[in-house]
Amino acid sequence: MPFYRASELFTLRPVPPTLGKPAWMNLRAVPRAPWAGEPEALRGPGIYGMFHDDRLVYVGLYAGKAERPFGGSVLERWEKHVTYQTLRSPYVTFARRHLKQLHALAAAEPNGPIETIVAMLALNGDESPLLQRKGGSCTFAKAQLAAAHWDVFGPGNEATMLDHLGFTYLQLPRDLAATVLPEPGQRPSAWVKKHWLAPIERDLIAAFMPPCNDGTEPGDAPAVDPVAFEERLARLLADRPAPAVEDLAGESEADDETDGDEEALRTEPTAAPNEREALLDDLARLCPGALEVYYTGVPDLRIRPRSHTRVLLDVFAHGGGLACRTKASVAACRALGFDAHDAPAGKSMSAAFPIDLSRHSAADLFAVAGAALPGD
């Protein structure tokens, strides 16, 4: 398995910080041109290890796209890790269950990044943009590791910080694609995760205790280099053939496409999953720096300015496709090419319209968000 240095895969792009978050939460990782799209070496489901200075810090899995588990690119996960786990992304949020630990660490290590985070949490209380009601994009364990290496990840180190991070990735054999057997109503990627990936991930976490996975502590982790990780991962995958059909009787539990607290964008089954996923991915990937994309459900996506919390529009599943509600006027939406009507009462929005995936693009929706800005 190749070892991928993060600096070979990504460049870091500065973006405006979010109001109510530290100013140094201002980086986005962008895949370099050779790794754009769905490169064969990184496509589809598999298990990966993340390393800091060639020492294992996190074990994760990637189960592909919701309806195409053998599609997608694991870079969708890694581009979040390199800024979320270093505390440099404007999308960093924490679950309330981590607040006590964050306060204790801030008290133990004053003048560090955690103290800044705790101070900003105190300013906004329960409405802080650093808090997420359903989980969070960063855990205490990840924040703790980032703080311990703030001389590498903190502001001023943008040119070299990715040199300290790397990944290995072992794909599931491509010929397993024909044996994915989801139950009715279950996403194929959830089935792949549950039956093939999650057991291997659990074994690796139990064996190596990487400090950024849930249930582990930095002091518990042995020093595991990429070679040792790859050897054990290869043995585990070789020992786990695809489940026989008769072994799956009665299995119908759906699963999330997230690991731990990180929220990955996924969608419900529709007649056009590829087109819908592409639009949602484009909205997150191409979002202008003055705006922020975040998620409140599956696949509820919202866009708001970074300067305040006014939601400009939300995109949601509707009739097997996608629809939008927005604060832009019906007239503005129609002028931009949408078949808009008055939004339902009680939604705090002005207009609503279906999204035609054959002709509407992310740029069209960003134009709607612009029309919804105060004063427009």
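Just so you know, in region 355-370 the residues that are in contact with a strand residue (DSSP E or B) (Cβ under 8 Å, 6 or more places away or on another chain) and at pLDDT 90 or above include one that is nearest to residue 277 (Cα to Cα), and it is 355.
For region 190-208, enumerate the residues that are within 10 Å of residue 63 (Cβ to Cβ) and either more than 18 Å from the chain's Cα centre (by Cα) or surrounded by 23 or more Cβ atoms within 10 Å (Cβ to Cβ) (or both).
Within region 190-208, 191, 192, 193, 194, 196, 197 meet the criteria.
Remark: pairs (first residue in region 348-369, closer than 11 Å to residue 283 by Cβ; second residue of a type in the set (D, E, K, R); Cβ separation under 6 Å; 6+ apart in sequence or on different chains) = 362/282. Is region 199-210 home to any residue that is in contact with a strand residue (DSSP E or B) (Cβ under 8 Å, 6 or more places away or on another chain) and more than 13 Å from residue 47 (Cα to Cα)? The answer is yes, given that some residue of region 199-210 is in contact with a strand residue (DSSP E or B) (Cβ under 8 Å, 6 or more places away or on another chain) and more than 13 Å from residue 47 (Cα to Cα).
Restricting region 1-40 to residues that are closer than 21 Å to residue 129 by Cβ and in a strand (DSSP E or B) leaves a set whose member that is most open to solvent (accessible area, probe 1.4 Å) is 13. Of the residues making up region 153-190, just one is among the hydrophobic types (A, V, I, L, M, F, W, C), free of Cβ contacts under 8 Å to residues at least 60 places away in the same chain and in a helix (DSSP H, G or I), namely 178.
When 332, 352, 317, 323 are checked against the criterion of being surrounded by fewer than 21 Cβ atoms within 10 Å (Cβ to Cβ), assigned to a strand (DSSP E or B) and modelled with pLDDT of 90 or more, 323 stands alone in meeting it. The residues on offer are 340, 362, and the sole one that is within 28 Å of residue 38 (Cα to Cα) and buried (at least 17 other Cβ atoms within 10 Å of the Cβ) is 362.
Just give me the residues in region 41-67 being open to solvent by less than 10 Å² (accessible area, probe 1.4 Å) and part of a helix (DSSP H, G or I), in sequence order. Passing the criteria: only 42. Looking at 89, 73, which one is buried (at least 24 other Cβ atoms within 10 Å of the Cβ), at pLDDT below 95 and not acidic (Asp, Glu)? Of the residues listed, the single one that is buried (at least 24 other Cβ atoms within 10 Å of the Cβ), at pLDDT below 95 and not acidic (Asp, Glu) is 89.
The values are calculated or read from the model by the stated rules, or taken from the named source; none is laboratory data. Given the structure is predicted, the values throughout are model-derived calculations rather than measurements. Cβ: placed from backbone, ideal geometry, glycine included. Neighbour counts: every protein chain shown. Ligands, DNA and RNA are excluded from the accessible area calculation, which covers all protein heavy atoms including side chains. Shrake-Rupley method; radii C 1.70, N 1.55, O 1.52, S 1.80 Å.
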